[in-house]
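The structure appears right after this line, and notes come after that.
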Amino acid sequence: MKLSKAMGTIQMVDLHRQYSRLKAEIDAAMQEVVESTAFINGPQVGAFASHLAEYMHVPHVVPCGNGTDALLVALMSLGLKPGDEVIVPSFSYVAAAEMVALLGLIPVWLDVDERTFNLNPWQIESAISPKTRAIIVVHLFGQCCDMEEVCKIAEQNHLFVIEDNAQSLGAEVIYSDGNRLKAGTIGQIGTTSFFPSKPLACFGDGGALMTSDDWLSTRIKMVANHGQQVKYQHKIVGVNSRLDTLQAAVLNAKLPHLEEFAASRRKVARRYDEAFGNDERWTIPYQAPYSTHVYHQYTLQVAGNRRDDLQQYLKSKGIPSMVYYPIPLHKQPAFYGFSRNGSSLNVSEHLVTSVLSLPIHTEMTDDEIDYLIETVCSYGK
């Protein structure tokens, strides 16, 4: 099977086709903002916050400028002081650890579970010191951390829990008693990003924080608005981080489709699982019993140090792929000299040599999926 002109170019995420399908809804929402000229703090911002809070079953959602800002505002709102330690996964995107360091806090690197790619809760207690104040869990690639275990340990040790939910909005944590809660609503503060490739995406930058704590909600709003509740009365040091009205309009149009988006990616993931699941050349993503999966990424672990070779082979056949992430954070020079290892980091160091994410998105056609599966399976034969 060849990549036909009718298929077009296979993308990791096809934003153009998704926009084309939702064009009428999105264009109408954006035009309303343009005609009102309420580009900052227009009514669509508050409406989106309310709609997302309803979807998440959480009392408070505070929109902000982007997902990295959300992490910064979360840390500032908890009142952490320079020198306090925050446990973070080493196999992850840089944003969480970067904001920890920016505030003069100390990143404590923790390894991840080799099957889920998420922070390993069984290593938390050995990483805790008298200076440890918080844990940032990153729900990576569309699947949740083991929040039941994380929160039990955090409560026993009086630690805050921040959930970085940029990649897993819509996923649910499944508790041992069968109860389900949305990722991002379980710790003291949840954060998310609406970057264009994320599960719920705007047309630029955007983010949000969520909490069930009334006091923290007030604090978060102050921090994100120059430390003020009343204009020109600055009670604390804050930042300027807000979601603009045009982005809120786009998000309002797309939020009702969020479950449909996840279902589309799950359908692709099932096809991949069936095709790749019994092949010793790679390991397919593990589905944890304590979480649903929204498949922000579909990430193989390629055996035998052949990841880079497979990636080049796919590229030669017109199929993109990505390595998330090529360097563990504990080996990034930016953090040398003021971080510490909270555990062995062998899993993180192995994953950066073996992971490869394949295209998966809401607009993939059966022909594209068939071509990708056939091409991957033909590798090395």
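The values are calculated or read from the model by the stated rules, or taken from the named source; none is laboratory data. All values reported here derive from a predicted model rather than from experimental measurement. Please note: Cβ atoms are built from the backbone with ideal geometry, for glycine as well, and neighbour counts cover all protein chains shown.
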Within the range 310-321, identify whether any single residue is of a type in the set (D, E, K, R), touching a Ser or Thr at 6+ places or on another chain (Cβ under 6 Å) and modelled with pLDDT of 95 or more, and answer yes or no. yes
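Taking the conditions exactly as written (in contact (Cβ under 8 Å) with a residue 60 or more places away in the chain and among the hydroxyl-bearing types (Ser, Thr, Tyr)), does residue 68 satisfy them or not?
Here the answer is yes, as residue 68 does meet what is asked.
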Within the set of pairs 6 or more residues apart or between chains, which connect a residue that is assigned to a strand (DSSP E or B) inside the range 120-143 to a residue that is acidic (Asp, Glu) and modelled with pLDDT of 95 or more with Cβ atoms less than 7 Å apart? 132/85; 133/84; 133/85; 136/164; 137/163; 137/164; 138/164
Boolean, residue 236 is among the β-branched types (Val, Ile, Thr) and surrounded by 20 or more Cβ atoms within 10 Å (Cβ to Cβ): no
Wholly within the range 209-291, which helices (runs of 4 or more DSSP H) include no fewer than the required count, namely at least 3 residues that are closer than 30 Å to residue 304 by Cβ? 258-276
Residue identified as without any contact (Cβ under 8 Å) to a residue 60 or more places away in the chain and under 21 Å from the mean Cα position of the chain (by Cα) among 378, 316, 354: 354
On the given criteria, is residue 279 among the acidic types (Asp, Glu), farther than 21 Å from residue 117 by Cα, modelled with pLDDT of 95 or more and more than 21 Å from the chain's Cα centre (by Cα)? no
